[in-house]
Amino acid sequence: MTDPTKLMLADLSNSYADAKVSNAFLRLYVSDSRFGRAFASLHERLNEHFESINDRAETTHHYWAEQSREMLALGKEVANFLDSLKHVGIQVNLEESYAGAIENCRSWLVRSGGSTIPENFEKITITKYEPVFSRPDTEIKLRKSGQRTQLQLIGEGSYAKVFSFIDPDYGIKFAVKRAKGDLSERDLYRFQQEFNILKRLSFPYIVEVFQYDTTRNEYRMEFCESTLRKYIKKHNNTLSFSSRKRIALQFLYGVNYIHTEGLLHRDVSLQNVLVKTFNGGAVLVKLSDFGLAKDMNSEYTRTKTEMRGTYRDPVLESFQGYGVRNEIYSIGWVLSYIFSGREALLSRDDAPSQIVRKCTAHDVAHRYGSVRELIGEVEGMEATPPPTDAPA
């Protein structure tokens, strides 16, 4: 036997299948595959009437006859649609201000001769960028405290400042990276591109970003307690070889991931590798600062692009020729610091020194051809080196 409830729901959904709705409203209801188009259609038509009514209230105080009839019919359509869904156990809430506006309009709208808008009419607040229809059974309402929080400056570079704060809604510490106000148009574009790149990357060893604020040119990101430089310096005397190896591999896994995504970082350094710490001493390495990142599949690099970066390959003449082996050079410097705690290249005869020497070889052809190859070398190192190999 056919289920009448299913038939009713199908009819309700199908009745809006051919409705012309703009993407501006469809995008607000993409999470509801069955009734999203219906909600978007109702929302868009309500907005059209409310905007027209607001405009006429400021001018003639007269709403046309045909539009008055349409608005009355639309109010009834909304009520019937919500009642039908409620009848089959689907609760849909209409934003309180919109429900109130429909009820208010019903009090003065008439079906013939046009409608006189009351002198005491209060302008309707239009909602364009948030849904006005919501389903409690498929949504969760996030608390928004509205509290103002104090930012704490935790870092500053040539192009941006980094702050930290505790979000009062979630009780979680976040970081905010804010572009400096005097940036050139080109550097501001790079800052925005950095966010766009990080937003599309998803990997445990890449710093995560959340939202960009165009009014302040800043973006929110996950908070990491330290840079790699500060972390190694603080723990250098107590870090075991196996711990250094784990840190090195996390760093390499992160770089290898962005290479597989077709990106070159071009500014790998101790400052641009962050460390997230956990109780019990566990750490998580995170690559950050993608302002100089380049798509390896793109042949385009400005001919006058200034070469930047902490560890610049001495054999590289311009950023136009920058490739994986040039990135390997800066990786060698970072690995050297991880295994020694010194900002000088390792020069012993042990495995870490041999790896670093190959990374930074003057002849580019003698360097590792990929980070994947380098990972294999580091993974193969013995967990416990000879006593003479102990880091300083």
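The values are calculated or read from the model by the stated rules, or taken from the named source; none is laboratory data. Note that this is a predicted model, so its numbers are computed, not measured. Glycine also receives a Cβ, built like all others from the backbone with ideal geometry; neighbour counts cover every protein chain displayed.
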Do we have any residue at all in the stretch 86-93 that's assigned to a loop (DSSP other than H, G, I, E, B) and touching a Pro at 6+ places or on another chain (Cβ under 8 Å)? yes
Among the residues in the stretch 239-260, are any on the phi > 0 side of the Ramachandran plot and surrounded by fewer than 18 Cβ atoms within 10 Å (Cβ to Cβ)? no
Residue that is farthest from M381 (Cα to Cα), among those in the stretch 307-330 that are touching a helix residue (DSSP H, G or I) at 6+ places or on another chain (Cβ under 6 Å) and not in a loop (DSSP other than H, G, I, E, B): R325
Name the one entry in Y63, Y98 that is within 20 Å of P136 (Cα to Cα), among the hydroxyl-bearing types (S, T, Y) and modelled with pLDDT of 95 or more. Y98
With the condition being at pLDDT 85 or above, more than 17 Å from the chain's Cα centre (by Cα) and outside the structural domain of L264 (by TED's automatic domain parsing), I'd like the strands (runs of 3 or more DSSP E) fully within the stretch 134-196 carrying at least 1 qualifying residues. 152-156, 160-167
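A quick yes/no check of all residues on (1) outside the structural domain of L46 (by TED's automatic domain parsing); (2) under 20 Å from L12 (Cα atoms); (3) surrounded by 18 or more Cβ atoms within 10 Å (Cβ to Cβ); (4) not acidic (D, E):
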{"site": "H61", "(1), (2), (3), (4)": "no, no, no, yes"}
{"site": "W64", "(1), (2), (3), (4)": "no, no, no, yes"}
{"site": "A73", "(1), (2), (3), (4)": "no, yes, no, yes"}
{"site": "K76", "(1), (2), (3), (4)": "no, yes, no, yes"}
{"site": "D83", "(1), (2), (3), (4)": "no, yes, no, no"}
{"site": "V88", "(1), (2), (3), (4)": "no, yes, no, yes"}
{"site": "Q91", "(1), (2), (3), (4)": "no, yes, no, yes"}
{"site": "L94", "(1), (2), (3), (4)": "no, yes, yes, yes"}
Which one of these does K20 not meet: (1) assigned to a helix (DSSP H, G or I); (2) out of contact with any His (no Cβ under 8 Å at 6 or more places or on another chain); (3) basic (K, R)? (1)
Only one of R229, R244 that is among the basic types (K, R), under 19 Å from K276 (Cβ atoms), modelled with pLDDT of 95 or more and in contact with a Leu (Cβ under 7 Å, 6 or more places away or on another chain): R229
With A365, A344 as the choices, which residue is in a helix (DSSP H, G or I) and surrounded by fewer than 17 Cβ atoms within 10 Å (Cβ to Cβ)? A365
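Every residue, every condition in (1) under 34 Å from the mean Cα position of the chain (by Cα); (2) within 18 Å of V132 (Cα to Cα); (3) among the hydrophobic types (A, V, I, L, M, F, W, C); (4) modelled with pLDDT of 95 or more, yes or no:
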| residue | (1), (2), (3), (4) |
| --- | --- |
| L12 | no, no, yes, no |
| L42 | yes, yes, yes, yes |
| K76 | no, yes, no, yes |
| G89 | no, no, no, no |
